[in-house]
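Notes follow once the structure below has been shown.
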């Protein structure tokens with residue numbers, strides 16, 4: 001089992017729809033979770049961080065964390081063509097307490113928003 | 001506030017050579033991490049430095065090394081380059097390593 005897994009893509013949604021991206025992680029005691037967006041040929045850009053169970057909203061983005069089920073998700077409301085990118089889930093796994101600065105990434109989900 | 005700066009942006013090297021990449025973190029950030037990104041393996045952690053000390057290391061051969069200076073700037077070095085080292089090398093900085101990390105633009109290394 002991979003340490004961080006994302007739902008397989010690619011994901012295609014129409015403009016204006018809700019895009020739902022999911023991620024599961026293996027380390028039950030992990031505390032810090034992040035979503036990055038990466039456009040083709042660019043570096044990852046942080047769009048959301050979440051540390052506590054529940055929902056965290058920022059504009060059109062909502063991150064959801066469920067530590068009991070070990071999953072974190074990202075919802076993008078009113079999706080726009082400019083949201084088309086690869087979305088990366090990243091976790092600071094806490095195995096052995098040596099997670100400082102060590103983000104473990106999922107393989108990424110390619111999202112395409114079509115007009 | 002300036003972001004994370006990586007230099008150079010592009011490099012072409014020959015097998016067997018060595019290369020040094022540089023990263024200047026966001027002002028006030030003391031943790032610098034390095035990652036390798038390839039189409040096949042995705043983003044993989046190389047190492048992390050904090051206060052000039054390597055705190056974490058990924059599963060890469062000893063040809064990959066790094067260091068951090070007192071001003072938190074960091075360098076990574078790859079010796080005896082192999083074709084498989086061709087990748088996008090990314091550096092990320094964060095305050096102390098357990099919160100949000102911000103990436104630089106990356107250095108695209110091509111080994112021929």
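The table for this structure:
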quantity: Rh by Kirkwood over Cα pairs, then Stokes-Einstein D for chain B at 1.306 mPa s and 10 °C, µm²/s; calculated: 115
quantity: Coordinate range along principal axes, alpha carbons of chain A, Å, largest first; calculated: 46, 30, 23
quantity: Linear extension gain, residue B:60 paired with residue B:41, 0.36 nm per residue minus alpha-carbon span; calculated: 5.6 nm
quantity: Cα-projected label distance for residue B:18 with residue B:95, points at 7 Å along beta-carbon direction, nm; calculated: 3.7
quantity: Translational diffusion of the stretch A:1-64, µm² s⁻¹ [Kirkwood Rh, Cα pairs; Stokes-Einstein; 4 °C; 1.567 mPa s]; calculated: 95
quantity: Residue A:112-residue A:1 pseudo-label distance in nm [points 7 Å out on the Cα-to-Cβ vector]; calculated: 3.2
quantity: Percent of Cα-Cα distances greater than 30 Å, calculated over the protein assembly as shown; calculated: 24
quantity: Computed E for residue A:12/residue B:70 - FRET, C-beta separation, R0 45 angstrom, nearest 0.05; calculated: 0.35
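Read the figures in this text as sums done on the coordinates, not as results from a lab. For clarity, every value in this text was computed on a predicted model and none was experimentally measured. Note that we place each Cβ from the backbone using ideal geometry, even for glycine, and neighbour counts take in every protein chain shown.
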